[in-house]
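Colleague: Quick one: the structure is below, and I'll ask about it shortly.
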Amino acid sequence: MVHLATCVAKKVEKCAPVPIMHNSISVHNPVNIDSTLICKELAEWYQSFFDFSYTCRKLRFLGKKNAINFDRIEQLTIHSYDNAIEERREERKMKGTILVGAKEQNLHSMQDYLQALRMILTYNNQVGHLNGKVAPVVCDWPGQLFIRKAISHLQNPNNLTIAAEINSFVPLLGPLHVSLNTREQVMKVYYPFFEKLFHYVFGNRKILAKKPRPWRINLLLDLAYTAWGKIRMHVINKFGALCKDIEYITLADLLDNIIPAALDVYATLFRSGSYEEYTEAIFRIWTFALRWKRRNYNKAPLAFLSDIFYWEKNKHPMLDAVQMFLVNFNDYWVENMHSRIRATTSAKDSADNIIKQAYILGL
């Protein structure tokens, strides 16, 4: 099996370059993930939001501003990268993206990631775009972990192994992976409920896999939440706001809080550029991951939130870039590139052939 490190760059129109240093304040928090700052924001601001289910908060979102309505079928195929899907065709043109580099490379350690980032730095030696400027890197948890570790090592005056240019890279949470992993975890934790729903809709002879395909998970989540929307007020009125029955509370939490948050965080909030609502949903989803003891995602959202709160506190222009151009900080582009590479190569192809095909697709 060939393992490739792929670097895809997305041009963000009308966004000015963000400096690493602004008013003598670095884009990187000196303490890395700032628990004190996160707790302060939670206590002073977000805690009151979590007293309400996501559905209640969503109704307030809709009342506050005009919502962007996405096609329902398009939302159900949000984790399917096939270019032939009509509802995704326009988005999947990969406008403004370029393949910076691809190389055979494992990504299991800090040194692996430093080698992968070297592709970008080599290109930068020719153009100089990153000199003193920020390069956001949207990645999954290992990418965030090892890039943050490398940046932390740069603060050591005795460091002689990590290039100072690494300071340009700012790891950001990949919203597509947050959505996919949250939906899969909801299915795993509440599998008995969804199995009964699946049999009710499709018949008892059908078998629901323990790990269904993403499109099937999306369909079952959507069916459950749509049905809940039709009976929600009747059920709430029947049980009352103060009902403490554990079965009712568990089911209401699933249908009124967990499922809609998992459905909306990427497909609606992120893609509509709703920065405040998206940030709140990320914080809420972290509470789910913490409850489920979900490895990596009980930490990854906190890294993102820590950076957001740090930039806000210090008025760093990186916050303005994220707020104004949120939809561009997306891991979709590299996932789409991987999908295209898989569709045009086979498992028997050599690393060199796969890389050549990647460059052809990246033209």
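The values are calculated or read from the model by the stated rules, or taken from the named source; none is laboratory data. From a predicted model like this one, the values you see are computed outputs, not experimental measurements. Positions of Cβ are generated from backbone atoms using ideal geometry, with glycine treated the same way; all protein chains shown enter the neighbour counts.
Colleague: GLU247 - would you say it is on the phi < 0 side of the Ramachandran plot, exposed (fewer than 13 other Cβ atoms within 10 Å of the Cβ) and not polar (S, T, N, Q)?
Modeller: Details: on the phi < 0 side of the Ramachandran plot: yes; exposed (fewer than 13 other Cβ atoms within 10 Å of the Cβ): yes; not polar (S, T, N, Q): yes.
Spelling it out, GLU247 is indeed on the phi < 0 side of the Ramachandran plot, exposed (fewer than 13 other Cβ atoms within 10 Å of the Cβ) and not polar (S, T, N, Q).
Colleague: If you don't mind, there's one more thing I want to ask. Which of (1) surrounded by 20 or more Cβ atoms within 10 Å (Cβ to Cβ); (2) in a loop (DSSP other than H, G, I, E, B) does ASN156 not meet, given it meets every other one?
Modeller: Only one criterion in (1) surrounded by 20 or more Cβ atoms within 10 Å (Cβ to Cβ); (2) in a loop (DSSP other than H, G, I, E, B) is unmet by ASN156, namely (1).
Colleague: Would you check which residues across the range 118-134 are at pLDDT below 95, buried (at least 17 other Cβ atoms within 10 Å of the Cβ) and within 26 Å of the chain's Cα centre (by Cα) and list them?
Modeller: ARG118, MET119, ILE120, LEU130
Colleague: Criterion first (polar (S, T, N, Q) and at pLDDT 95 or above) does SER168 satisfy it?
Modeller: Details: polar (S, T, N, Q): yes; at pLDDT 95 or above: yes.
For SER168, the condition - polar (S, T, N, Q) and at pLDDT 95 or above - is met.
Colleague: If you go through the range 23-45 one residue at a time, do you hit one that is modelled with pLDDT of 65 or more, part of a strand (DSSP E or B) and within 21 Å of PHE304 (Cβ to Cβ)? Step through it out loud before you land on a result.
Modeller: Filtering the range 23-45 down to residues modelled with pLDDT of 65 or more leaves 23-45.
From what's left, part of a strand (DSSP E or B): 25-26.
Then keep just the ones that are within 21 Å of PHE304 (Cβ to Cβ); that gives 25-26.
Within the range 23-45 (the criterion being modelled with pLDDT of 65 or more, part of a strand (DSSP E or B) and within 21 Å of PHE304 (Cβ to Cβ)), the answer is yes, since at least one residue qualifies.
Colleague: Are there any pairs, at least 6 apart or on different chains, whose C-beta atoms fall under 6 Å, with the first in the range 268-293 and part of a helix (DSSP H, G or I) and among the charged types (D, E, K, R) and the second at pLDDT below 95 and buried (at least 22 other Cβ atoms within 10 Å of the Cβ), and if so, which?
Modeller: Listed by first residue and then by second, the contacts come to GLU277/LEU269.
Colleague: Moving to a separate point now. Output yes when any residue across the range 238-248 is in contact (Cβ under 8 Å) with a residue 24 or more places away in the chain and touching a helix residue (DSSP H, G or I) at 6+ places or on another chain (Cβ under 7 Å), and no when none is.
Modeller: Just the residues of the range 238-248 that are in contact (Cβ under 8 Å) with a residue 24 or more places away in the chain, to begin with: none.
The answer is no; no qualifying residue exists.
Colleague: Here is a follow-up. Collect the residues in the range 170-204 that are of a type in the set (S, T, N, Q), assigned to a helix (DSSP H, G or I) and surrounded by fewer than 21 Cβ atoms within 10 Å (Cβ to Cβ), keeping them in residue-number order. Spell out the reasoning first.
Modeller: Filtering the range 170-204 down to residues of a type in the set (S, T, N, Q) leaves 179, 181-182, 185, 204.
Remaining after also requiring assigned to a helix (DSSP H, G or I): 179, 181-182, 185.
Passing the criteria: ASN181, GLN185.
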